[in-house]
Amino acid sequence: MHRRHPELDPQLLSETDEQRQLRTVLRDFYAETSGVEELREQPATPRGYDEALWARLAREIGVHGLAVPEEYGGSGFTFAELAVALEESGRALYRGPLLPTVALAAHALLLSGDRTACERYLPRIADGTLTATVAGFEAGRFDAGEPGVAAERGSGGWVLRGHADFVLDGAGADLVLVRAGTPAGPRLFACEPAPGSCRRAPRRVLDETRRQALVEFRGAPATAVGTADGAEDVVAATLDIGRAALAAEQVGGSGHALDATVAFVAQRHQFGRPIGSFQAIKHRLADVLVALEAARSASVYATVCAAVASPHLPTAACAAAVVCSDTFRLATAEYVQLHGGIGFTWEHPAHLYVRRARAAEVLFGTADQHRARLLGLVGHPAA
Amino acid sequence: MSGIPEPEEFRAAARRWLTGVARPRAADGEWGSGSDSVAVFDNWTEEQEREHTARVQEWERTRYDQGWSAFNWQQEYGGQGLPAYYEQLYRAEEAAFDVPHRPEIFPVTQALVAPAIGLWGTEEQKNRRLVPLLRTDELACQLFSETEAGSDLAAVRTRAVRDGDGWVLTGHKVWTSGARVATWGVAVCRTDPDVRKHAGITVFLVRMDAPGVTVRPIRQMTGGTSFNEVYLDGVRVPDTDRLGPVGEGWRVTLSVLAAERLDSGGLGLDNADRALDLAANLPRPLTGAEHQRAADLHIRTLVQRLMGLRVTAALVAGREPGAEASVGKLYATETMRRTSDLVSELLGPSLVADTGEWGTYAWTEHLLGAPGYSIAGGTDEIQRTILAERVLGLPKEPVR
């Protein structure tokens, strides 16, 4: 009656040599470029991240094109390789807009099946010259309802009116994929925002490493992407990809929190001994380890489902969202608590991870919404 | 068997063999009929235990004799010479067939005691003891814990004193599963009281029918009896039944305990599934909070299974499993607690007062049995300390 058995080839749960190499390369890259100093200092660039670093990630390591097919300028790996990159990026609290660009927008384009749009945008996403995001996907609502943006046919093509809130990198992205209402129902549109027809107001955000904006479309020219038919499915699938991507980041962030805390309690002395030798400390960290392994398991399942386009992706994505959000919250709470006073200071990076954890757990729906959707997906009558 | 078959090939062959010797497990019966037992610990009289044990022994002999057991053992012990994880591949196939449920004494015999003899035994011990244990003609129980040596197992007080060409054992062991049906008991004894605690321990294979061995059932908090206490009252053991060197018993014991911790991944899943079925079949709509709890438990069962698959995947890939193998028991005991909590919400008063209705009061067996697993095989607290020290590498408590 219920699907409680993960349906997949267990071998897919094992990291490949290529994935392991990619992980090593990225860990070294971030260690060298995104140390604590870089984390603490707000980059003075208007976009809020180091654009030279973004370009290096795309060109030297090829992160942006990992899950983009070769015909669109990518390297034609799968979501599983991208997930490795996202985990390492989450671990380093990388500020660049990878999540909206390469997870959300790139997959929305691919899922739309619109070859023209893919040819126009994906090669530039893959080489790091185009940043992109999605808007109006109403990530927190599974009954997405009426879009807040409407598309009308003007004399020169479609124009968008209305607004979308909480748009990731909304103030800076070069391309916005918008879910907008048309007389034939909601559809996807590609909009390259211009100041005259699009007002973008950055929101003050808890997590400065991941910016959000209110985007107001005032007759902004746009191109339809894909057909009206499958648009809602594309939106739903894109969000599930986003949840799988976020889960990988959350695992990375949790891994950092645990490792940093273990290192700290092993060297911090009080009462004449390392505080990590006290059972009260050990047991709390053991609980974080158990949670981290649970998160890793849920995340890798969602990743595999995304990589092989499994029909179980929605269930796996919801489960990963619940488990990984929970783990990240716990790991970052312990990060602060077990560092004591120093962990509560502005100078220490712990709070940046707390901010990321709290922001991430509500990004694509709250835990309760994920649980409700999951039970519906496995055939449970709704509450 | 020539060479090592590919996992897929092996699984297909296992399926074919199982189809010939066992019936497929009946599809889950209608909700509300069949057995509603969710007992966590087997609970039976001595007669029932002997009867069921004999049934399982027959099945295990069939497997052994037809080459479908002892997968990672050398051929001289009737094994198949395969990597250890083929056992898991086989189990995954066997789960679809109606074969007798193995009480704890069987994994203890085959997966804990036999490997310890393989590792520490003399050639003579290996030649004489291994085949009967692997074939389960002889079962072996653990004589480890004592009333004053639980988590601190090295504090054992059972004495073994040399006497000619043998030893005389005197002491009191507790929490032994299967003592009534076992041929052998693996006894952790103190042979030298004058050295530091972890030295001076020696392990013996004790015949459970030897004069001076008395087995008494322990009644546990569920009201049933699944464990025993074992009195050793001047029991004579020949030196040829000593396992490992004199004074090296702690290392022998640790190798048995390490195998035990890796064997707990599937714990609690059947009952968690059953609780979710209960939620789905409740004759009233779930409240919002119940819905959330059920979803959480569903997610736990998924994650717990994934952890198990990750361990298998690591082994198949030829890697030592990492932390995913060590966290299993702690994760599982939490699943068991959450199962109790959900069921309590769902059933309310009919959980605690027997109305005779199918699948209601029966849950008290789970409710009262689940806490046992947070104690048996290493308490949750000991598990956390092990994770912190061995996986995370945190410093040990200073020695007083």
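With respect to the conditions (1) buried (at least 23 other Cβ atoms within 10 Å of the Cβ); (2) in contact (Cβ under 8 Å) with a residue 40 or more places away in the chain; (3) under 15 Å from B:H298 (Cα atoms), A:H312 falls short on a single one, namely (1). Mind checking whether some residue in segment A:184-202 is over 30 Å from A:P46 (Cα atoms), buried (at least 17 other Cβ atoms within 10 Å of the Cβ) and not assigned by TED's automatic domain parsing to the domain that holds A:P311? Checked against the condition, which is being over 30 Å from A:P46 (Cα atoms), buried (at least 17 other Cβ atoms within 10 Å of the Cβ) and not assigned by TED's automatic domain parsing to the domain that holds A:P311, segment A:184-202 yields at least one hit.
Do we find a residue being of a type in the set (A, V, I, L, M) and under 23 Å from the mean Cα position of the chain (by Cα) anywhere in segment B:189-201? Scanning segment B:189-201, I find no residue that is of a type in the set (A, V, I, L, M) and under 23 Å from the mean Cα position of the chain (by Cα), so the answer is no. Among the residues of segment A:178-222, the ones that are touching a residue at least 60 places away in the same chain (Cβ under 8 Å) and part of a strand (DSSP E or B) come to 8 in all. Look through segment A:228-281, keep the residues that are surrounded by fewer than 20 Cβ atoms within 10 Å (Cβ to Cβ) and in contact with a Gly (Cβ under 7 Å, 6 or more places away or on another chain), and return whichever of them is nearest to the other protein chains (Cβ to nearest Cβ). Only one residue tops the list, namely A:A266. crowded, with 21+ Cβ neighbours inside 10 Å, among the polar types (S, T, N, Q) and out of contact with any Pro (no Cβ under 7 Å at 6 or more places or on another chain) - does that describe any residue in segment B:383-394? Taking every residue of segment B:383-394 in turn, at least one turns out to be crowded, with 21+ Cβ neighbours inside 10 Å, among the polar types (S, T, N, Q) and out of contact with any Pro (no Cβ under 7 Å at 6 or more places or on another chain).
Residue count for segment B:301-327, restricted to those that are at the interface with chain A (Cβ under 8 Å from one of its Cβ atoms), touching a residue at least 12 places away in the same chain (Cβ under 8 Å) and under 17 Å from A:A320 (Cβ atoms): 6.
For segment B:328-356, filtered to residues that are in contact (Cβ under 8 Å) with a residue 60 or more places away in the chain and among the hydrophobic types (A, V, I, L, M, F, W, C), the residue that is farthest from the other protein chains (Cβ to nearest Cβ) is B:L347. With respect to (1) among the β-branched types (V, I, T); (2) at the interface with chain B (Cβ under 10 Å from one of its Cβ atoms); (3) under 30 Å from B:R284 (Cβ atoms), the lone exception for A:V288 is condition (3). When you check A:A44 against the structure, is it in contact with a Ser or Thr (Cβ under 7 Å, 6 or more places away or on another chain) and outside any helix (DSSP H, G or I), yes or no? Spelling it out, it is not the case that A:A44 is in contact with a Ser or Thr (Cβ under 7 Å, 6 or more places away or on another chain) and outside any helix (DSSP H, G or I). B:V206 fulfils the conditions (1) surrounded by 19 or more Cβ atoms within 10 Å (Cβ to Cβ); (2) over 14 Å from B:W167 (Cβ atoms); (3) at pLDDT 95 or above except for a single criterion, (2). When segment B:139-177 is filtered for residues that are in a loop (DSSP other than H, G, I, E, B), of a type outside the set (V, I, T) and surrounded by fewer than 18 Cβ atoms within 10 Å (Cβ to Cβ), the ones remaining, listed by number, are B:E148, B:G150, B:S151, B:D152, B:R157, B:G164, B:D165. Only residues that are away from every other protein chain (no Cβ under 14 Å), among the hydrophobic types (A, V, I, L, M, F, W, C) and buried (at least 16 other Cβ atoms within 10 Å of the Cβ) were counted in segment A:328-370, giving 11.
Looking across segment A:10-28, the residues that are among the charged types (D, E, K, R) and either loosely packed, with under 13 Cβ neighbours inside 10 Å or closer than 12 Å to B:A317 by Cβ (or both) come down to A:E15, A:D17, A:E18, A:R20, A:D28.
Among the residues of segment B:180-196, those identified as within 19 Å of B:T147 (Cβ to Cβ) and either buried (at least 24 other Cβ atoms within 10 Å of the Cβ) or of a type in the set (S, T, N, Q) (or both) are B:G185, B:V186, B:A187, B:V188, B:C189. Scanning segment B:191-198 for any residue that is closer than 29 Å to B:Q57 by Cβ and either not assigned by TED's automatic domain parsing to the domain that holds B:R236 or not hydroxyl-bearing (S, T, Y) (or both) turns up nothing.
If the condition is being over 20 Å from B:G224 (Cα atoms) and without any contact (Cβ under 8 Å) to a residue 60 or more places away in the chain, then segment B:357-379 contributes only B:E357. Looking at segment B:385-399, is at least one residue among the acidic types (D, E), without any contact (Cβ under 8 Å) to a residue 24 or more places away in the chain and within 10 Å of chain A (Cβ to nearest Cβ)? The answer is yes; a qualifying residue exists.
The values are calculated or read from the model by the stated rules, or taken from the named source; none is laboratory data. All values derive from a computational prediction rather than experimental measurement. Because the Cβ atoms are built from the backbone with ideal geometry, glycine has one as well, and the counts that use them run over all protein chains shown.
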